[in-house]
Each structure stands twice: as C-alpha cells, then as structure tokens.
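What follows is calculated from the coordinates using simple rules that are stated; it is not laboratory data. Since we're looking at a predicted model, the values are computed, not measured. Cβ sites come from the backbone with ideal geometry, for glycine too, and all protein chains shown count toward neighbours.
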Amino acid sequence: MSTDNFGGGKTLTRDSAQNSPYVSTERPHVALGRRTLSSAGLGALSLLATACSPLGLLNGLAPKRLSARNIPYGAGPRRKLDVYAPDSARGPAPVVVFLYGGSWDSGSKDDYRFVGGALAAAGFVTVIPDYRLYPEVVFPAFLEDCATAVAWACAHSADYGGGNSVVLMGHSAGAYNAAMLALDPSYLAQAGARHPLAGTVGIAGPYDFLPVQSAELKAIFGQPPTPPATQPIDHVDGRNAPMLLLAGATDTTVLPQNTVRLAARIRAAGGPVQSRIYPGIDHKEIIGAMGVPFRFLCPTYRNCIQFVSDHASTGAQAA
C-alpha cells in the first residue's frame, strides 16, 4: 500500500504491488535551497507574497512579462485569468496554460507570477487562471473551469502574440487538473476549445489516489466510494498528446509513485510520455526551481521549456 500525504493533512492512497524504484538522497548542493524554500508551502498551501518570503523572492526576481490581469473567462471572482507575454516573438508564439495546485481548496494565480514570467521570458504566451475551489464547488466543477480557461486561451491568445499550439502545465492539484483534461477530452470539447493540445506537463501530480481516506477529499470527489472516473490513470487509452511527467524523489506530499504509475500506464497503452524523477527534490522545490534563484536545485525549468519547444510545432500542424 502506498500512501500520499496531500496537503493540509489529507491522505491519498492507492494499492500498488511495486514500490517506487527511486532512492531518495539528499544532495549537498541543494541544502541551502531546501532550507530557504522550507518556509514556503508552494502548491500545497495558500501563499502570502511578502517581500521577505521565499515566494516574494521568486516573484520579485521574475521577469516582468504580465500583459493583462484579471480577465474574466466566466462568471464570478474565481473565474479570472492573467496573461504573460514575451517582449517580442518571431511569428505566433506557443501558448502555455499553467494550473497551480492547492489541494483543490486554496491557491491564487497571483502567487505564481514567477512561473508566468519565466515561461513568457522563454518565448511562450502564458495564461494562469484562477478556478473555483472547495467548498464552493466539488468535482468536476474545477475541471470545467480549467477547461473553460483553456478554451479562452485558444480563442484569445492571438491578441497577445500566441498561436494555435497550446500546452497544458500544472503543479500538484493543478497537475491533476491538467492530466484529467488531457486524458479525458470531453472537458475541453464541452468548453469549446478550438485547438487540440500540443502536449501536457504534469509536475508532482496526484494521478492515482484511490481509495480516498480524508473527509475533505471524500467531500470533493464523492463518497462512498469515490468513483474511478475521478482518476487520471483510469482515462488512459494511448491516444493522448505527448506528456511530460516530473516528480521529486523525496516528495512526501504527493509520492512520486503517482508519476511512475501513470507513465507506465500510458506507455503500456502505446501513448507518448516522458517521465523524470529528480533525486533529493521535494514537492515545493520542484516548482520553486522554475524561478531564477532556485533553478540550480533541479532542471524543472529546462525540461519544461524543452518540452514545450519540441512539441509546439506539432500542435500547430495538428490545429
């Protein structure tokens, strides 16, 4: 039995006959970054962007690429999004829609300016939406919101220099959301997304966490029992767009077995997937490494940029 501790005391479990094949080791050169990020609950908690916090450092040093803020993509205060754009682009730029985490009960797009700025500086039009959270909504309403935000990006990214090539990216609960939209195309179809996905990047995502034990997660995903339809791994059919799945070997919030199992299932079905498990990296560090001061921790940024660059033209041709 594998156990995933998923933010706020929630526990996700899934029977597994095989433990993670990766050995967790602390690397000396990440010790300083680990201590610095230890006070920032990136992706798992609601964050406070103060000038002296690790998050404030990340956002303060991020490239200033915010082009539009609080654009409504639906009704209500939680259905708004921000757009980050490159300073200049040669032709239509790839589009990335980034979905943050927070256990489906917390989080804000304002906390991830460092992600939007980093991706825009690499040449990608980047959309970061808020979406409705528990207890306002339960599954699948937050997925429907994310799908509507993707549809908005398909329809409006050209206003910011974007093209037809859309890549989904998410961390933690946001990686779950991204994987569900990628593996169950009904959400994007119902939202009216114009362009097929060029690819999906999942960072430290929970993809395979039945049976649910925490009372809040039961309320979010349904009880008893939580249906298999809530699990990304149960929607694999081998027809997905290319996926890149990243995880940290020392992540105790969402165990890396989630990534190992989903990647194995996609490969077995004949679908395109790459996976990376970073030694000595935890749940916060893997997303913190998108920011300038912490990129030495692990190659999250480099791997994401390479994946989007490799698959953007594929998405444009498909569209």
Order the peptides 67-76, 204-213, 253-262 from the highest to the lowest mean number of other Cβ atoms within 10 Å of their residues. 253-262, 204-213, 67-76
Would you mind checking which residues have amide H under 5 Å from residue 273's amide H? H placed 1.01 Å from N; only 5 or more apart, or other chain. 243
Rounded FRET efficiency, nearest 0.05, which uses the C-beta distance separating residue 155 from residue 237 and R0 of 30 Å: 0.65
Which far-off residues, 5 or more places away or on another chain, put their amide H under 5 Å from the one on residue 93, with H placed in the peptide plane? 162, 163
What are the ³J(HN,Hα) values, in whole Hz, obtained from phi via the Karplus relation 6.51 cos²θ - 1.76 cosθ + 1.60 with θ = phi - 60°, for each residue of segment 162-179 in sequence order, with x given for Gly and Pro? x, x, 8, 9, 10, 10, 8, 9, x, 10, 6, 4, x, 5, 4, 4, 4, 5
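Starting from the Cα-Cα distance between residue 69 and residue 302, subtract it from 0.36 nm times their residue separation and give me the gain in nm to one decimal.
Working: separation 233, 0.36 × 233 = 83.88 nm, distance 2.63 nm.
My answer for the length gained is 81.2 nm.
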Place a label point 7 angstrom from the Cα of residue 295 along the Cα-to-Cβ direction, then list the residues of segment 109-123 whose backbone nitrogen is under 14 Å away. 114-123
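At a 10 Å Cβ-Cβ cut-off, how would you order 273, 236, fewest neighbours first?
Values: 273 21, 236 24.
Placing the least packed residue first, the sequence is 273, 236.
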Counting other beta carbons within 10 Å of each Cβ, put 296, 98, 139 in order, fewest first. 296, 139, 98
